[in-house]
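Chemist: This is the structure I want to talk about, given as structure tokens.
The values are calculated or read from the model by the stated rules, or taken from the named source; none is laboratory data. Worth saying up front: this structure is predicted, and the values here are computed from it rather than measured. Methodologically, a virtual Cβ is constructed for each residue, glycine included, from the backbone with ideal geometry; neighbour enumeration extends over all protein chains shown. These accessible areas exclude ligands, DNA and RNA; they are computed on the full protein's heavy atoms, side chains included. Shrake-Rupley method; radii C 1.70, N 1.55, O 1.52, S 1.80 Å.
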Amino acid sequence: MMVGPWQRLPCGRATDGLVTYAAEGIGAPAGSHEAGCEYCQTAIDEFGRLWLPVRRWAQREVDLPDDFVATVIARVRRIVQSPRHVVSVSSRGATTVTSWVLGLIAASAARQVPGVAAITPSRAGRQPAARFGAEGAHVHEVDDASISVGLTLVARTDQSLPDLADAVRRKVMSSIADQAGVNVGSVDIVVDDLDVPDST
Amino acid sequence: MLGDTHAGEDAAQDAFFAAWRSLGRFRQDAKFSTWLYRIAMNRCLRDLRRRKDPPGRVPEDLPTSRGVPETELETAESIRAVSVAVALLAAERRIPLLLREVEGLSYDQIAEVLGVSMTAVKSRIYRARLDLVRTLSHSGPDAP
């Protein structure tokens with residue numbers, strides 16, 4: 001008997017409810033119709049056969065790149081140890097902002113510019129050692145007084161990309177200056193994809 | 001989960017960093033691993049919502065059959081078929097299924113990780129399994 005989901009068996013039971021028994025590897029409860037019905041048992045066996053590759057797939061060793069854990073831990077460590085920028089000092093204490101926070105401000109500001117569909121992690125030329133930012137915004141310290149920001153974004157179509165980049169640049173510079181009091185010397189922008197509307 | 005090594009690195013980085021920042025807010029009424037799963041799942045879901053190509057993308061690192069002895073070929077191909085079928089499930093169904101089948105979490109742990117009711121978890125996993133069985137029953141060697 002060939003069975004599949006959404007069938008009704010000759011005994012009147014729908015096959016859908018039997019998939020769980022096969023997937024969980026448990027039998028039908030003793031005394032239930034399914035436990036004593038040959039049609040149901042055949043269907044459970046058939047679903048069990050179909051589920052076997054899923055079980056093998058779930059148990060397979062996932063081939064993580066050799067350096068995956070080391071890379072992630074190194075990146076987290078660098079974020080935690082992210083450079084701090086002193087933005088004000090008074091007799092009542094100093095205020096510092098981390099590069100991580102500056103990256104968040106940059107990404108948030110860029111996202112507000114009409115024509116920006118998304119901010120994405122850069123896929124090409126990734127330089128984890130230099131990455132002190134979040135959400136695709138990379139912050140590099142130039143000197144004590146200024147920083148540079150790198151952004152990778154997805155743009156909406158039907159617009160001038162240089163104009164969009166200029167608008168993003170202005171918005172990022174003003175947002176970081178207004179919110180953190182940090183001077184942004186340059187903003188490098190990579191447009192790595194276009195958000196093409198569905199034609200449907 | 002995300003079908004992309006770089007996206008996985010970013011998600012792991014953000015999840016560990018978020019956990020480090022939130023450690024002080026960790027309430028010990030949940031297991032630490034469940035709490036960490038929740039942070040990672042939230043990060044993955046946020047990534048998936050931003051993408052414009054749901055349901056999931058087909059993983060870039062699918063097992064290939066090159067150099068595989070013939071006796072293992074069928075197994076490799078069937079695992080590949082499952083990988084594709086799982087990747088094509090909607091995230092709402094794929095994520096609880098992965099937590100159940102791959103991570104081995106209980107239904108109530110999954111409900112806690114995803115912040116939904118256990119009924120919702122059971123329903124999503126049930127539907128994911130039906131979707132998978134339907135797909136696999138049409139892709140196997142005996143398929144018409």
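Chemist: For segment A:11-78, what is one quarter of the convex hull surface built on the Cα atoms, given in nm²?
Modeler: 6.9
Chemist: For the Cα atoms of chain A, what angle does the longest principal axis make with the long axis of helix A:161-180, in degrees from 0 to 90, nearest 10?
Modeler: Computed tilt is about 70 degrees.
Chemist: So what is the calculated 222 nm ellipticity per residue for chain A, using -39500 (n - 2.57) for each DSSP H run with n of 4 or more, over all residues, to the nearest 500 deg cm²/dmol?
Modeler: One gets -12500 deg cm²/dmol as the mean residue ellipticity at 222 nm.
Chemist: Moving to a separate point now. Would you please give the FRET efficiency between residue B:6 and residue A:11, computed as 1/(1 + (r/R0)^6) with r the Cβ-Cβ distance and R0 = 45 Å, to the nearest 0.05?
Modeler: 0.30
Chemist: Okay, next question. Expressed as a whole percent, how much of the Cα-Cα distance distribution for segment A:144-192 exceeds 16 Å?
Modeler: Tail of P(r) above 16 Å: 40 percent of Cα pairs.
Chemist: Right, something else. So what J values fall out for segment A:94-107 if you push phi through Karplus, 6.51 cos²θ - 1.76 cosθ + 1.60 with θ = phi - 60°, rounded to Hz, Gly and Pro as x?
Modeler: Residue by residue, segment A:94-107 yields 10, 10, 10, 10, 7, 4, 4, 5, 4, x, 5, 4, 4, 5 Hz.
Chemist: Helix A:38-59: angle to the longest alpha-carbon principal axis of chain A, degrees 0 to 90, nearest 10?
Modeler: So the helix axis and the longest Cα principal axis differ by about 30 degrees.
Chemist: Can you tell me the orientation of helix A:68-80 relative to chain A, as the angle in degrees between its alpha-carbon axis and the longest Cα principal axis, to the nearest 10?
Modeler: Approximately 40 degrees, to the nearest 10.
Chemist: If each Cα of segment A:31-119 is one equal point scatterer, what is log10 of I(q)/I(0) from the Debye formula at q = 0.13, 0.14, 0.20, 0.26 Å⁻¹?
Modeler: Relative scattering, expressed as log10 I(q)/I(0), comes to -0.77, -0.81, -1.05, -1.16.
Chemist: Can you pull out the buried accessible area for chains B and A, both sides counted, probe 1.4 Å, rounded to the nearest 100 Å²?
Modeler: Details: alone 9570 and 12640 Å², together 18650 Å².
Accessible area lost upon association: around 3600 Å².
Chemist: Determine, from the Cβ-Cβ distance of residue B:117 and residue A:68 and an R0 of 41 Å, the FRET efficiency 1/(1 + (r/R0)^6), rounded to the nearest 0.05.
Modeler: E between residue B:117 and residue A:68, to the nearest 0.05, is 0.75.
Chemist: Return one whole number: the accessible area per residue of chain A in Å², for a 1.4 Å probe.
Modeler: 54
Chemist: OK, next. How do B:20-26, A:107-113, B:32-38 rank on mean C-beta neighbours within 10 Å, highest first?
Modeler: Order by mean packing, descending: A:107-113, B:32-38, B:20-26.
Chemist: Could I ask something else about it? With no solvent and one equal point scatterer per Cα, compute the Debye intensity ratio I(q)/I(0) for chain A at 0.08, 0.18 Å⁻¹ and report its log10, rounded to two decimals.
Modeler: Taking Cα atoms of chain A as identical point scatterers yields -0.54, -1.13.
Chemist: Could you give the length gained on full extension between residue A:61 and residue A:193, defined as 0.36 nm per residue of separation minus the Cα-Cα distance, in nm?
Modeler: 44.2 nm is the gain from fully extending residue A:61 to residue A:193.
Chemist: Then there is this: Contact order normalised by length for chain A, with contacts defined as Cα pairs under 8 Å and 6 or more residues apart; what percent is it?
Modeler: So the answer I get is 15 percent.
Chemist: Per residue of B:11-18, what is the mean number of Cβ atoms on other protein chains within 10 angstrom of that residue's Cβ?
Modeler: Partner-chain Cβ atoms within 10 Å, mean over residues of B:11-18: 6.
Chemist: Follow-up. Averaged over its residues, how many other protein chain Cβ atoms are within 10 Å of peptide A:41-48's Cβ atoms? Could the numbers behind the result be given before it?
Modeler: Values: counts 0, 0, 0, 0, 0, 2, 5, 0.
Averaged over the peptide's residues, the number is 1.
Chemist: Averaged over B:82-91, how many beta carbons belonging to a partner chain fall within 10 Å of each residue's beta carbon?
Modeler: Mean number of neighbouring Cβ atoms from other chains: 2.
Chemist: May I pose another question? For a label point 7 angstrom out from the Cα of residue B:108 toward its Cβ, which stretches of segment B:5-44 have the backbone nitrogen within less than 17 Å?
Modeler: Residues passing the 17 Å test: B:28-35.
Chemist: Order these peptides, A:11-18, B:121-128, by their mean beta-carbon neighbour count within 10 angstrom, highest first.
Modeler: Order by mean packing, descending: B:121-128, A:11-18.
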